[in-house]
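In what follows, a structure is listed as structure tokens, so that the remarks can point back to it.
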């Protein structure tokens, strides 16, 4: 079955036109492995899993491999992935929600794009986190493991998003995190205070190197005050502006968000 | 070979007299009579002179006689014998063995205060004395307060330890008058900063600054007793020298007193260092209006002035705990109290624990904890 679908995928992707029936959610495979990186058994398992996740969270999860993304359109891999997503009418429901990971084997490029509800579930921080889960596997040419990690993490992130807490900067902060941080900070402060207090209480005796208590009345006569300008120096330092990222998802004008890189 | 010593006896009942700091008078423990220092001085002037003369004769005689005795090479006293003096208590006749620098003490047998007039005769006579203002009870109270202020003190220390010894001592000091002519150069700078586009521009304007002048010091004290730790004596400063009195042995009964055994030259070096350092600090403090100042050079010349010999009132307290002795000193004039106390690790961690609980609650409730977690999440994101 996989071979048939793969051939169909290649054909449709290469032709750049899609029959209406193929564009349907049920027809386009979630795992479109045109490079035949997966065995039949692996593909079947992963396809089933991707379908379950997509249905469970109403957000399609796609994994596509191609020889060279430039064969499928012009522009960056990100642009090509967007075109594929739009042209083949991918996504779930009216919102066309989904996330798509495209691997281009020629230059080992990848892009991860999200659309619709996918933008909510897969924030910029979330995409970074997701990439970290599969990149090491793909770097080792462990395609099945990488795809499995991709699907598993997508499932976790979609679950978090459906629970109203999409993975983002600070989203994983739990009450116990705050409690632990408060205790650690409180302990460090208490340690500093008690240490200083203890030192003060010990009141060690010391030789006095000062005699200001024994100045004669009016006994200080400053007869020379001379302040001479010497020179001026100037330094210029580039200001490192912080990204100011406070989380969320950066969405482009077409409604997509994504990140790209190499594996 | 007991030397002559005197004790001040009450003219009314012949009981022993003690100088009482609170009243500034000599008081009799037995009949309660009190006498001013001037009255007792007048009464005992002749007696002291006679005692000093007798002491000198005794010493001369002893020196002549020393050659006739055969001292065993391994005498029990050894070299210490050369630094000891024997006196006869005028009250009970007991023989008192004292350090050669002891000038006032009390008889261990009858408890009567005794003075060794010869120790303060002629060139050895102090110029001034600051009489004790605070008594024995004030010293004990100050020690308790010292304990109370230290929450890290082992509880058993204040309960189990006992004051082993508490003694009021007139400590010999040299008081130095000096003028310091000082000249110092400094590097000073004013730093300002502004943003220009993506750059922060920091402008530093440098100055060469010079300050010079004369600083006069009066009565810079230096402890002249080798028996007293210099750091303790320095730590109970300052003394209020407006209360200096011309020396009289009438201030000594009831207290211990030593004559100096560290000479002017040795103490003078310490006083010089203090004066120079203070002059340098004063010149530094005069350089104002800059964001940073650093001293580049200092030239200081001391013009030595008068040196006075004075006795200062100090309460010395010794306590014993766990086989270790703890020494405390209190300024007998101002009450300034110093001395190191042991610290309990258990108490330290208990207090840290309590403070942690309080601070953690405040941090958690105020939202600082949440803020910290957010910052950490952003840093590690």
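The values are calculated or read from the model by the stated rules, or taken from the named source; none is laboratory data. Nothing here was measured: the structure is a model prediction, and the numbers come from that model. Because the Cβ atoms are built from the backbone with ideal geometry, glycine has one as well, and the counts that use them run over all protein chains shown.
Checked across segment A:165-172, the condition of being assigned to a loop (DSSP other than H, G, I, E, B), within 14 Å of chain B (Cβ to nearest Cβ) and out of contact with any helix residue (DSSP H, G or I) (no Cβ under 9 Å at 6 or more places or on another chain) holds for at least one residue.
When the residues of segment B:262-299 are narrowed to those that are away from every other protein chain (no Cβ under 14 Å) and in contact with a strand residue (DSSP E or B) (Cβ under 8 Å, 6 or more places away or on another chain), which ends up farthest from residue B:28 (Cα to Cα)? So the residue we want is B:295.
The lone criterion from (1) on the phi > 0 side of the Ramachandran plot; (2) surrounded by 11 or more Cβ atoms within 10 Å (Cβ to Cβ); (3) assigned to a strand (DSSP E or B) left unmet by residue A:218 is number (2).
Inclusion of residue B:302 among residues that are within 12 Å of chain A (Cβ to nearest Cβ) and farther than 20 Å from residue B:150 by Cβ is warranted. Screening residue B:151 against (1) part of a loop (DSSP other than H, G, I, E, B); (2) farther than 21 Å from residue B:350 by Cα leaves a single unmet condition, (2). Apart from one condition, residue B:295 fits all of (1) at pLDDT 90 or above; (2) crowded, with 16+ Cβ neighbours inside 10 Å; (3) more than 30 Å from residue B:217 (Cα to Cα); the exception is (3).
The set of residues in segment B:348-367 that are surrounded by fewer than 18 Cβ atoms within 10 Å (Cβ to Cβ) and either at the interface with chain A (Cβ under 7 Å from one of its Cβ atoms) or not in a helix (DSSP H, G or I) (or both) comprises B:348, B:367.
Within segment B:191-223, being over 30 Å from residue A:221 (Cβ atoms) and in contact (Cβ under 8 Å) with a residue 40 or more places away in the chain holds for one residue alone: B:191. Consider segment B:228-246 and keep the residues that are touching a residue at least 40 places away in the same chain (Cβ under 8 Å) and not in a loop (DSSP other than H, G, I, E, B). The one that is farthest from the other protein chains (Cβ to nearest Cβ) is B:246.
Rundown of residues vs (1) more than 7 Å from chain A (Cβ to nearest Cβ); (2) under 30 Å from residue B:297 (Cα atoms); (3) assigned to a strand (DSSP E or B); (4) at pLDDT 85 or above, yes/no style:
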{"site": "B:146", "(1), (2), (3), (4)": "yes, no, no, yes"}
{"site": "B:156", "(1), (2), (3), (4)": "yes, no, no, no"}
{"site": "B:165", "(1), (2), (3), (4)": "yes, no, yes, no"}
{"site": "B:171", "(1), (2), (3), (4)": "yes, no, yes, yes"}
{"site": "B:185", "(1), (2), (3), (4)": "yes, yes, yes, yes"}
{"site": "B:204", "(1), (2), (3), (4)": "no, yes, yes, yes"}
{"site": "B:221", "(1), (2), (3), (4)": "yes, yes, yes, yes"}
{"site": "B:226", "(1), (2), (3), (4)": "yes, no, no, yes"}
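Among the residues making up segment B:258-287, those that are over 16 Å from residue B:208 (Cβ atoms) and either more than 29 Å from the chain's Cα centre (by Cα) or in a loop (DSSP other than H, G, I, E, B) (or both) are B:259, B:260, B:261, B:262, B:263.
Of all residues in segment B:316-335, none satisfies being in a helix (DSSP H, G or I), over 20 Å from residue B:178 (Cα atoms), facing another protein chain (nearest Cβ under 9 Å) and in contact (Cβ under 8 Å) with a residue 12 or more places away in the chain.
Yes or no, residue by residue, for (1) out of contact with any helix residue (DSSP H, G or I) (no Cβ under 9 Å at 6 or more places or on another chain); (2) closer than 20 Å to residue A:147 by Cβ:
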{"site": "A:75", "(1), (2)": "no, no"}
{"site": "A:82", "(1), (2)": "yes, no"}
{"site": "A:85", "(1), (2)": "yes, yes"}
{"site": "A:89", "(1), (2)": "no, no"}
{"site": "A:95", "(1), (2)": "no, no"}
{"site": "A:101", "(1), (2)": "no, yes"}
{"site": "A:104", "(1), (2)": "no, yes"}
{"site": "A:111", "(1), (2)": "no, yes"}
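Pairs meeting the criteria (first residue in segment A:190-219 and more than 7 Å from every other protein chain (Cβ to nearest Cβ) and within 24 Å of residue B:146 (Cβ to Cβ), second residue modelled with pLDDT of 85 or more and part of a helix (DSSP H, G or I), beta carbons under 9 Å, at least 6 apart or on different chains) are A:195/B:348; A:195/B:352; A:197/B:351.
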